[in-house]
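The values are calculated or read from the model by the stated rules, or taken from the named source; none is laboratory data. Nothing here was measured: the structure is a model prediction, and the numbers come from that model. We place every Cβ from the backbone using ideal geometry, glycine too, and count neighbours over all the protein chains shown. These accessible areas exclude ligands, DNA and RNA; they are computed on the full protein's heavy atoms, side chains included. Shrake-Rupley method; radii C 1.70, N 1.55, O 1.52, S 1.80 Å.
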Amino acid sequence: MLPLVHAMSASGFPNIRWPWEGSGWFPIIALIKAVGVQAMVEYAHRAAANAPQAVTSAKYFLRGWQELPPAPPEDTPVYRPTPHLRAVGAPYSNPEDRGIF
């Protein structure tokens with residue numbers, strides 16, 4: 001839990017209340033394991049984008065966190081697109097770019 005609380009505070013939600021006690025944290029712990037802290041923090045920012053000051057409790061995000069897709073396994077390769085030398089579809093700017101010289 002502490003990683004989520006710390007990540008939420010560090011990312012711009014310093015005054016969020018965490019109203020769970022005792023076994024009430026078990027669903028949150030299960031969500032952290034299933035979807036990951038980063039996905040939960042990103043969702044919180046999207047959900048509170050229109051009124052971040054109106055959000056005072058982490059319960060505000062609970063339903064959305066429960067609907068997040070599970071995180072991929074840790075050994076899943078991360079796709080990073082290869083950078084192009086020029087923008088796709090961009091016109092050539094001079095003869096050298098076209099390979100004439």
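Odds and ends about this structure:
- Of all residues in region 1-45, those being more than 15 Å from the chain's Cα centre (by Cα) and outside any helix (DSSP H, G or I) number 9.
- Scope region 46-57; condition open to solvent by less than 100 Å² (accessible area, probe 1.4 Å) and assigned to a loop (DSSP other than H, G, I, E, B); matching residues: Ala48, Ala49, Ala51, Val55, Thr56
- Only one entry of Tyr43, Tyr60 meets the criterion of being at pLDDT 90 or above and open to solvent by 80 Å² or more (accessible area, probe 1.4 Å), and that entry is Tyr60.
Results for (1) exposed (fewer than 12 other Cβ atoms within 10 Å of the Cβ); (2) among the β-branched types (Val, Ile, Thr); (3) at pLDDT below 95; (4) touching a Cys at 6+ places or on another chain (Cβ under 6 Å), shown as yes or no for each residue.
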{"position": "Leu2", "(1), (2), (3), (4)": "yes, no, yes, no"}
{"position": "Met8", "(1), (2), (3), (4)": "no, no, yes, no"}
{"position": "Ser11", "(1), (2), (3), (4)": "no, no, yes, no"}
{"position": "Asn15", "(1), (2), (3), (4)": "yes, no, yes, no"}
{"position": "Trp18", "(1), (2), (3), (4)": "no, no, yes, no"}
{"position": "Ser23", "(1), (2), (3), (4)": "yes, no, yes, no"}
{"position": "Ile28", "(1), (2), (3), (4)": "no, yes, yes, no"}
{"position": "Ile32", "(1), (2), (3), (4)": "no, yes, yes, no"}
{"position": "Gly36", "(1), (2), (3), (4)": "no, no, yes, no"}
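- Only residues that are within 13 Å of Arg17 (Cβ to Cβ) and aromatic (Phe, Trp, Tyr) were counted in region 35-71, giving 2.
- Neighbours by Cβ (under 7 Å, 6+ apart or cross-chain): first from region 19-34, touching a residue at least 12 places away in the same chain (Cβ under 8 Å); second open to solvent by 70 Å² or more (accessible area, probe 1.4 Å) and not in a helix (DSSP H, G or I): Ala34/Pro70
- Qualifying residue in region 68-81 (condition: surrounded by 10 or more Cβ atoms within 10 Å (Cβ to Cβ), farther than 26 Å from Phe26 by Cα and modelled with pLDDT under 90): no
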